[in-house]
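What follows is a single structure, written as structure tokens, with notes after it.
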Amino acid sequence: MLRFEVSVEDLLRSRFALSPAMDLCSLLRSLAGQDRPLPRAWATRLLPAFERLRRDTELNAALALHNPQSGPNFVAPPPRGLNQTWADDLAMIRATPLDAARREFATTATGPLARDPRVRAVLDSTDAVSRIAEAMDQAWHELLATDWPQLRAICERDVVHRVGVIGEHGWATTIESLHPSIAWRAGGIELGFFRGGTVRLTGDGLLLIPSVFVGNIAAHLEDPWPRTLVYPARGTAALWGKQETVPQPDALTALVGRARARLLVALDAPASTSHLARSLAMAPGAVGDHLAILRGAGLLVRARSGRSVLYRRTPLGEALAGGSG
């Protein structure tokens, strides 16, 4: 079992962040058959480009650094916050000192792929960091960049939901809601399926990262990462080929129309117009028009949160959405 000992000071310093690089690494491992299988539609669409990148770039050198237990920190550096971009991650990857990268190569590049002569030549070269960074950048632009705005919106909405749970129910409920395997017991966070003993946060807080690609909980326990939990973001059912949010046909769709039904059901947590547009792949103008109609019908209310205007369901909207199946 893994247990995080958590103090009041830790809770005050705990925070959320997004990690484009980490999700890129998860996607690459899935495409390589090293991680959770991708939905068939995603695999069919991305595998040809992935295989071409493995042939034409140094991507295999990046893949060789991953094993079932861990991967190198320098290709997935710790994110600084919710505004983290791929450009931020790439700059940190490129700035990795060669000596630090080689220390990671020695502990992570231990599988069969690392013994491939072409891969070994990259890992042993004096420009290994820049060559791997360039391969990662090409992979980002060809495999993930197009989908990232929608996937990022899913993660951002997840964070909005979690912050709301903190405000209404507190940290213990929020932590336990991240995954069924997590429990809050006697001032600590316990993950029964992990090995690791007891980890003290010592006032540094916990970093929480929602991900669209992880299917379970992942943890970072060693420097340079802060103590971190990576958890599945809410709202990825459509991504993973599960049942659509709004079955067709149904009573809610018949009543308000398909697009408005999708929006009403999607607002299981407060969200802004831009978040809804990205996560549902709809035009922002159309989303705004539909939200205005739903609000006028008494199904939604809106309130400002920082720079954003968030929409949430009214009791009547909850009743209608709750009966949409």
Completion exercise
Interchain or sequence-distant (5+) residues whose placed amide H lies within less than 5 Å of the amide H of Arg227 are Leu207
Practice task
For the range 225-234, just list the computed ³J(HN,Hα) in residue order, Karplus coefficients 6.51, -1.76 and 1.60, θ = phi - 60°, integers in Hz, with x standing in for Gly and Pro.
Solution key: 6, x, 5, 9, 10, 9, 9, x, 5, 5
Practice task
Report, to the nearest whole %, how much of the accessible area of the range 183-240 belongs to carbon and sulfur atoms, 1.4 Å probe, protein only.
Solution key: 47 percent
Exercise for the section: Return the sequence-ordered ³J(HN,Hα) values of the range 286-299 in whole Hz as given by the Karplus equation 6.51 cos²θ - 1.76 cosθ + 1.60 applied to θ = phi - 60°, using x for Gly and Pro. Expected result: 5, 4, x, 5, 5, 4, 4, 5, 5, 5, x, 7, x, 9
Exercise for the section: Quick one: pull the percent of accessible area on the range 62-137 belonging to carbon and sulfur, 1.4 Å probe, ligands and nucleic acids left out. Expected result: 54 percent
Fill in the blank from the handout: Under the 7 Å Cα-to-Cβ spin-label approximation, Glu5 and Asp56 lie apart by a distance in nanometres of 5.4 nm
Fill in the blank from the handout: Expressed in angstrom and ordered largest first, the alpha-carbon extents of the chain along the principal axes are 65, 48, 33
Practice task
Calculate the length of the line joining the C-alpha centroid of the range 137-204 to that of the range 291-313, in whole Å.
Solution key: 26 Å
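State in Å² the accessible area per residue of the range 96-239; use a 1.4 Å probe, count heavy atoms of protein chains only, and round to the nearest integer.
Numbers: 6490 Å² over 144 residues.
Each residue of the range 96-239 exposes 45 Å² on average to a 1.4 Å probe.
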Problem - Distance between modelled label sites at Ala254 and Ser125, nm, 7 Å Cα→Cβ extension - result: 6.4 nm
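Within the range 38-90, list the trypsin sites (Lys or Arg not before Pro) lying in a DSSP loop whose Cβ has at most 15 other Cβ atoms in a 10 Å radius. Numbers along the way, then the final one.
Values: sites: Arg40, Arg45, Arg52, Arg54, Arg55, Arg80; in loops: Arg80.
Of the trypsin sites (Lys or Arg not before Pro), the ones in loops of the range 38-90 whose Cβ has at most 15 other Cβ atoms within 10 Å are Arg80.
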Completion exercise
Taking 0.36 nm per residue of separation between Ser181 and Ala49 and subtracting their Cα-Cα distance, the length gained on full extension comes to 44.0 nm
Fill in the blank from the handout: CD proxy, 222 nm, the chain: helix-only mean residue ellipticity via -39,500 (n - 2.57) per DSSP H run with n ≥ 4, per residue, nearest 500, stands at -14000 deg cm²/dmol
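Just for the chain, what percent of DSSP beta bridges are antiparallel, to the closest 5? Walk me through the numbers before you get to the answer.
On the way: 18 of 29 bridges.
Counting DSSP beta bridges with both partners in the chain, the antiparallel share is about 60 percent.
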Exercise for the section: Please identify, among Glu168, Glu51, Glu176, the residue showing maximal mean-square fluctuation in a Gaussian network model of the chain using a 10 angstrom Cα cutoff. Expected result: Glu168
Practice task
With a point put 7 Å past each Cα toward its Cβ, work out how far Glu142 is from Ala106 in nm, to one decimal.
Solution key: 3.3 nm
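Using 0.36 nm times the number of residues separating Glu168 and Arg40, minus their current alpha carbon distance, what extension gain do you get? All intermediate terms of the calculation are to be shown ahead of the outcome.
Working: separation 128, 0.36 × 128 = 46.08 nm, distance 3.85 nm.
This chain segment gains 42.2 nm when fully extended.
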Practice task
Return the sequence-ordered ³J(HN,Hα) values of the range 110-115 in whole Hz as given by the Karplus equation 6.51 cos²θ - 1.76 cosθ + 1.60 applied to θ = phi - 60°, using x for Gly and Pro.
Solution key: 10, x, x, 4, 5, 8
Problem - Global form of the range 1-134, assessed from the alpha-carbon gyration tensor, a/c cut-off 1.5 - result: prolate
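The values are calculated or read from the model by the stated rules, or taken from the named source; none is laboratory data. Quantities reported herein were computed from a predicted structural model and do not represent experimental measurements. Note that we place each Cβ from the backbone using ideal geometry, even for glycine, and neighbour counts take in every protein chain shown. SASA here: full protein model, heavy atoms, side chains in, ligands and nucleic acids out. Shrake-Rupley method; radii C 1.70, N 1.55, O 1.52, S 1.80 Å.
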